[in-house]
């Protein structure tokens with residue numbers, strides 16, 4: 001059994017200098033996120049994922065996602081806020097169990113209605129199915145999963161495939177990529193995304209490892225060889241299990 005936690009880091013506003021006037025001008029204070037101090041954890045239990053939210057009153061709310069053949073990666077999208085409601089997508093990669101020749105991206109909509117009264121914060125949270133996308137990847141028992149996302153797409157792959165999938169967040173259309181390095185035809189070995197939305201997909205290992213780089217609009221930027229890493233600095237990647 002494995003657990004992951006959504007953690008948030010907030011930076012305080014800083015004063016800036018107005019160079020043209022020589023005056024000190026304070027940057028506008030940014031209001032705290034609506035879900036500040038609220039954390040949701042996801043725990044895989046084989047064919048289902050349990051979620052729990054803490055930091056509210058009642059102190060714990062919970063639910064279950066699934067069923068899956070074998071959920072192997074999960075990542076949350078960025079939230080949008082309107083009034084006292086936060087909405088975001090939750091993406092779960094299901095690689096099957098090696099028997100069914102399918103890999104599926106499950107997309108959920110998470111909604112948090114957050115209110116505060118008398119210093120007590122409550123969160124009415126729901127996570128409901130939104131869509132399923134059957135990917136052009138093949139399953140294999142025990143394969144490692146890789147997934148990351150930027151503002152426009154979800155990138156997904158497994159160690160059983162020498163290609164990765166790019167799923168458009170709006171249209172849900174899938175496109176496939178393989179190593180751009182002719183000498184490399186290895187399986188996917190890493191997918192990682194920087195906070196700015198730059199995504200690297202790595203194929204193979206060692207001196208013939210190849211990679212492909214994409215920008216936040218999921219447009220191809222560059223490719224190369226012999227580029228191994230665990231994760232990029234400052235990343236927002238899926239947790240895999």
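Structure summary
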quantity	calculated
Scope the range 156-168; condition crowded, with 18+ Cβ neighbours inside 10 Å and more than 21 Å from residue 205 (Cβ to Cβ); matching residues	166, 167
Of all residues making up the range 180-214, the number that are under 26 Å from residue 132 (Cα atoms), free of Cβ contacts under 8 Å to residues at least 40 places away in the same chain and outside any strand (DSSP E or B)	1
Subset of the range 92-122 [within 22 Å of residue 141 (Cβ to Cβ) and within 23 Å of the chain's Cα centre (by Cα)]	92, 93, 94, 95, 96, 97, 102, 103, 104, 105, 106
Residue check for residue 65: out of contact with any helix residue (DSSP H, G or I) (no Cβ under 9 Å at 6 or more places or on another chain), more than 27 Å from residue 196 (Cα to Cα) and at pLDDT 95 or above	yes
Residue in the range 226-240 that is in a strand (DSSP E or B), at pLDDT below 90 and in contact with a helix residue (DSSP H, G or I) (Cβ under 9 Å, 6 or more places away or on another chain) present	no
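Here is a yes/no grid of residues against (1) surrounded by 22 or more Cβ atoms within 10 Å (Cβ to Cβ); (2) assigned to a strand (DSSP E or B); (3) in contact (Cβ under 8 Å) with a residue 24 or more places away in the chain:
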| position | (1), (2), (3) |
| --- | --- |
| 140 | no, no, yes |
| 148 | yes, yes, yes |
| 154 | yes, yes, yes |
| 170 | no, no, no |
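The values are calculated or read from the model by the stated rules, or taken from the named source; none is laboratory data. Bear in mind the structure is a predicted one, so any value in this text is a computation, not a measurement. So basically every Cβ, Gly included, is an ideal-geometry build from the backbone, and we count neighbours across all protein chains shown.
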